[in-house]
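Please read the structure below before turning to the comments.
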Amino acid sequence: MRIGQTNKSLVAGVVLIATLAMASVARAHDERHRGTVIEVEADRRHVRTIDDEGKPGEDRWFGVTAETTVQRGERTVAYADAGIANGERVVVIVDTHAQVKNAAKEVRLAAK
């Protein structure tokens, strides 16, 4: 193997590692909250969260912005058309570095 080829392989490896590291950092900004809807309002919802082991967490309000997407089963629907009901199971994805604190980036619901 020539020295030029070794340098190219080394650079390609470093670029690959840097790309993977940046991708993992970009995803680290999202937090997933699972729970049950307690109350629904036009611009926010109140959720009783649970932890990863299924133990009760805390009651939290999550805001809804124009950028919030809603998944009802496999379909993307408008927040107003999602028909979110009290007692319904929900997963809320929050970008921890967003300008609006606790604003939902994505809301995931079971299909109806």
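Here, each number is a calculation from the coordinates, and none is a lab measurement. Computed from a predicted structure; not experimentally measured. Here the Cβ positions follow ideal geometry from the backbone for every residue, glycine too, while neighbour counts run over all protein chains shown.
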Amide H neighbours of Glu88 at under 5 Å, excluding residues fewer than 5 places away on the same chain, with H built from the backbone geometry, are Val37
Report, by chain and number, residues whose modeled amide H sits under 5 Å from the one on Ala82, excluding near sequence neighbours (fewer than 5 apart, same chain). none
Rounded to the nearest 20 Debye, what is the dipole magnitude of the range 30-109 about its Cα centre when Lys and Arg each give +1 and Asp and Glu each give -1 at the C-beta? 120 debye
Which residues in the range 41-66 place their backbone N less than 17 Å from a point set 7 Å from the Cα of Val77 along the Cα-to-Cβ direction? 41-45
